[in-house]
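The values are calculated or read from the model by the stated rules, or taken from the named source; none is laboratory data. Owing to the predicted nature of the structure, the values given are computational and were not obtained by experimental measurement. Positions of Cβ are backbone-derived with ideal geometry, glycine not excepted, and every protein chain shown enters the neighbour counts.
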Amino acid sequence: MRKIRIILYAIIIAATTAFSAQAQKSVIIKAKLDSALLLMGKKTAIHIDITQDKDVKGYFTNEKSDTLTSMVEVSARPKADTTDIGNNRIQIKRDIIIQSFDSGMYVIPAFKYVVGKDTFMTNSLTLKVLPVKVNTLKTIHDYKTVEDPPFHFFDFLPSFITDYWWIYLIVLILIASGIYAYIKWFRKGIVPLMPKKKELPPYEEAMMQLEQLKSQQLWQSGQEKEYYTQLTDILRNYIDRRFLISAMDMTSSQIIEILKKHEETKAVNEQLSQILEVADFVKFAQVRPLPDDNEASFQRAINFVEETKPEEIAASNKLTAAPDAKPTTTIKKEDKK
């Protein structure tokens, strides 16, 4: 029984030794420096070659370390390059970029590659770091003293203001432009950048509006108040444009008082006074005038506009009229009909 145990132990030891030898034979690893001399602050590469079976998986013990020694740092670890070399074997090439900021001779310890329970090691490397030559002709300045940062107003503002200040500026400009446009144009009923309608002269506009008022036949349908409102508005607008008087904002007595001072209105001032007087009775005292009074008010309005029209219009009418024709208007001809 004892002999059997000894034989079994011998078989196990032999198998383990054979397996270890086979594993060591399956992985070959070595490392070399791209350059054994390195200028302080510069970079160089360590090339690591691994030859192993395809189904073998291993890792380096210092895979995530930032340093190889106290004076040699790892700058980068590029991705490994794998090549199939046949016979179920692959070759893995890995580079480690290193640099040092202190001159001297440094020994880089062997890299440990672990496969299962076995550890394979590369050869150690020697790196000499050369110092940088200093130009003694140039002045070497010491560190600057601590300075207080300059004062900036925007440093005290919230980030949502300093980051998007240009948006707020555009919004403020648009708001200011809108207020300016409203005050200057829209409040007065003017639309900028739009073609303006050609404005008729005061005389032509008044005669056209009187013609339109007559065609509406307001007082004939019992709308005396609306009729006199439109009639006086036409006359007020005409006086405003013709004599540059703010007649739209004045009372009837104020208009009459101012027109008394104009030589052109003396002859028809009484007619205008009668129109305004009747209009005030109708609009404020609810008086309903007779049809003859309505016709007379309209004819007085025609006479006032005709008698106060500008001289150039009057002269033009005389030239175009027949020598024996009596001066009259289109509205008067319609009245006769």
For this session: Filter the stretch 188-209 down to residues that are in a loop (DSSP other than H, G, I, E, B) and at pLDDT below 80, then give me how many there are.
Result: 11
Exercise. Which members of the stretch 89-126 meet the condition of being acidic (Asp, Glu) and closer than 27 Å to LYS42 by Cβ?
Worked result: ASP95, ASP102
Problem set entry | Qualifying positions in the stretch 80-111 - aliphatic (A, V, I, L, M), surrounded by fewer than 15 Cβ atoms within 10 Å (Cβ to Cβ), out of contact with any Leu (no Cβ under 8 Å at 6 or more places or on another chain) and not in a loop (DSSP other than H, G, I, E, B) | ILE85
Exercise. Hey, any hits in the stretch 124-144 for a residue that's in a loop (DSSP other than H, G, I, E, B), within 30 Å of LYS79 (Cα to Cα) and not acidic (Asp, Glu)?
Worked result: yes
Exercise. What is the one condition in (1) touching a residue at least 12 places away in the same chain (Cβ under 8 Å); (2) not hydroxyl-bearing (Ser, Thr, Tyr); (3) not assigned by TED's automatic domain parsing to the domain that holds ALA36 that ASP118 does not satisfy?
Worked result: (3)
Exercise. With (1) surrounded by 11 or more Cβ atoms within 10 Å (Cβ to Cβ); (2) assigned to a strand (DSSP E or B) as the list, and TYR59 as the residue in question, which single condition is left unmet?
Worked result: (1)
Problem set entry | Residue selected from the stretch 284-295 under the condition touching a residue at least 12 places away in the same chain (Cβ under 8 Å) and not in a loop (DSSP other than H, G, I, E, B), by the criterion surrounded by the most Cβ atoms within 10 Å (Cβ to Cβ) | ASN294
Problem set entry | Filter result for LEU244 (assigned by TED's automatic domain parsing to the domain that holds LYS283, farther than 22 Å from ASN294 by Cβ and of a type outside the set (S, T, N, Q)) | yes
For this session: State whether one or more residues within the stretch 135-146 are loosely packed, with under 13 Cβ neighbours inside 10 Å, out of contact with any Pro (no Cβ under 6 Å at 6 or more places or on another chain) and either touching a residue at least 60 places away in the same chain (Cβ under 8 Å) or under 30 Å from ASP34 (Cα atoms) (or both).
Result: yes
Problem set entry | Which numbered condition SER70 misses (of (1) in a strand (DSSP E or B); (2) more than 52 Å from the chain's Cα centre (by Cα)) | (1)
Problem set entry | Leading residue by the ranking (modelled with the highest pLDDT) among those in the stretch 210-259 that are touching a helix residue (DSSP H, G or I) at 6+ places or on another chain (Cβ under 6 Å) and not in a helix (DSSP H, G or I) | LEU218
